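Every number in this text was worked out from the coordinates using simple rules, so none of it is lab data. Only a predicted model underlies this, so the values are computations on that prediction, with no experimental measurement involved. Positions of Cβ are backbone-derived with ideal geometry, glycine not excepted, and every protein chain shown enters the neighbour counts.
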Amino acid sequence: MRAIDADRLSAVLQKNFGHTGGAAVMQQLIDIAPTIDPVKHGRWICEYDREAGETEVTCSVCKDARTVNGCYVSTNGESLYFEDKYCPNCGARMDADE
């Protein structure tokens, strides 16, 4: 699941297309679409299994985990997984520092 900023999308739509037929319909769809408030911010927590050559990647918000091939952990234990900017389970934006 990906989240969008509906206000920003509306502004871009208005700036580029005004209230033309297609843009007006798009604006109506944006207005009635469900929103996710507030945006959750999280980070990927990574645990590398050297024997398997896989990393368990866990969302810090919902704790949903999955396994990916390869090592995504630095030598000091810091997460190096940047493949997904959002958690596919809860939609949290992966931009938190801690």
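The table for this structure:
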{"quantity": "Total residues in the range 31-61, condition aliphatic (A, V, I, L, M) and in contact (Cβ under 8 Å) with a residue 40 or more places away in the chain", "calculated": "2"}
{"quantity": "Qualifying position, being of a type in the set (D, E, K, R) and exposed (fewer than 12 other Cβ atoms within 10 Å of the Cβ), among 93, 43, 50, 66", "calculated": "50"}
{"quantity": "Filtered residues of the range 80-98 (kept if out of contact with any Ser or Thr (no Cβ under 9 Å at 6 or more places or on another chain) and outside any loop (DSSP other than H, G, I, E, B))", "calculated": "86, 93"}
{"quantity": "Selected residue [in contact with a Lys or Arg (Cβ under 9 Å, 6 or more places away or on another chain) and among the acidic types (Asp, Glu)] from 49, 84, 95, 7", "calculated": "95"}
{"quantity": "Complete set of residues in the range 69-90 that are in contact (Cβ under 8 Å) with a residue 12 or more places away in the chain, over 16 Å from the mean Cα position of the chain (by Cα) and more than 12 Å from residue 44 (Cα to Cα)", "calculated": "69, 70, 71"}
{"quantity": "Output for the range 2-40, where each listed residue is touching a strand residue (DSSP E or B) at 6+ places or on another chain (Cβ under 9 Å) and exposed (fewer than 10 other Cβ atoms within 10 Å of the Cβ)", "calculated": "2"}
